[in-house]
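No lab work stands behind these numbers, since they all come straight from the coordinates. None of these values were measured; they are calculated from a predicted model. Reconstructed Cβ throughout: ideal geometry from the backbone, glycine too, with neighbour counts over all protein chains shown.
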Amino acid sequence: MGRIGATVRALPAVFPVNYVVRDDEILFVTRSGGELDAATRDTVVAFEVDDLDTFAHEGWSVLVVGYCRPVSDPSELDELRRAHLTPWAGGDRTCYRLIPMDVVTGRRIRHDRPVTIHSRIHGRLRT
């Protein structure tokens, strides 16, 4: 399970999705006419996946940013359907989307090695 970050009606939105990594792309499928369909059609999105061990206080996170594109070519759709991607959500999911791994960042958090987070907010560096 991963998450897609996109814009819906000028506001940030995050959608959980099942996905498959195919070559250097993230593949997911959504419902035609839904919010995720509209939010991920020919636009830049973020894809995030992580794993946490709350007992050990450790984990990792990977963020992919790329130009998400719908797949409409029949031969490419046939190939993608063989990936056996099965969404958990019900309903007819027929809109295939690919996100190239244009920008990939990640981090590992380990209990024995604390990680400091740096972010730039309003021109000032905060830790």
Q) What order do you get for TRP88, TRP60 when you list them from fewest to most C-beta neighbours inside 10 Å? A) TRP88, TRP60
Q) Got the relative contact order for the chain handy, in percent, Cα pairs under 8 Å and 6 or more residues apart? A) 27 percent
Q: For every helix of n ≥ 4 consecutive DSSP H residues, a contribution of -39,500 (n - 2.57) applies; sum these over the chain, divide by its total residues, and give [θ] at 222 nm rounded to the nearest 500 deg cm²/dmol.
A: -2500 deg cm²/dmol
Q) With each label point set 7 Å from Cα along the Cα-Cβ vector, what nm distance links TYR67 and THR94? A) 2.7 nm
Q) Each label point is 7 Å from the Cα along the Cα-to-Cβ direction; what then is the distance between the points at GLU79 and ILE109, in nm? A) 3.8 nm
Q. Dipole magnitude of the stretch 1-118 about its Cα centre, charges +1 at Lys/Arg Cβ and -1 at Asp/Glu Cβ only, in debye to the nearest 20?
A. 260 debye
(Q) With N set to the number of residues, divide the alpha-carbon radius of gyration of the chain by 2.2 N^0.38 Å and report two decimals. (A) 1.20
Q.
Can you sort VAL14, VAL65, VAL44 from fewest to most other Cβ atoms within 10 Å of each residue's own Cβ?
A. VAL14, VAL44, VAL65
Q: Could you point to the residue in GLY91, LEU80, VAL104 farthest towards the positive end of the stretch 2-126's charge dipole, with +1 and -1 charges on the Cβ of Lys/Arg and Asp/Glu respectively?
A: VAL104
Q. Listing LEU11, LEU52 from the residue with the fewest other Cβ atoms within 10 Å to the one with the most, what is the order?
A. LEU11, LEU52
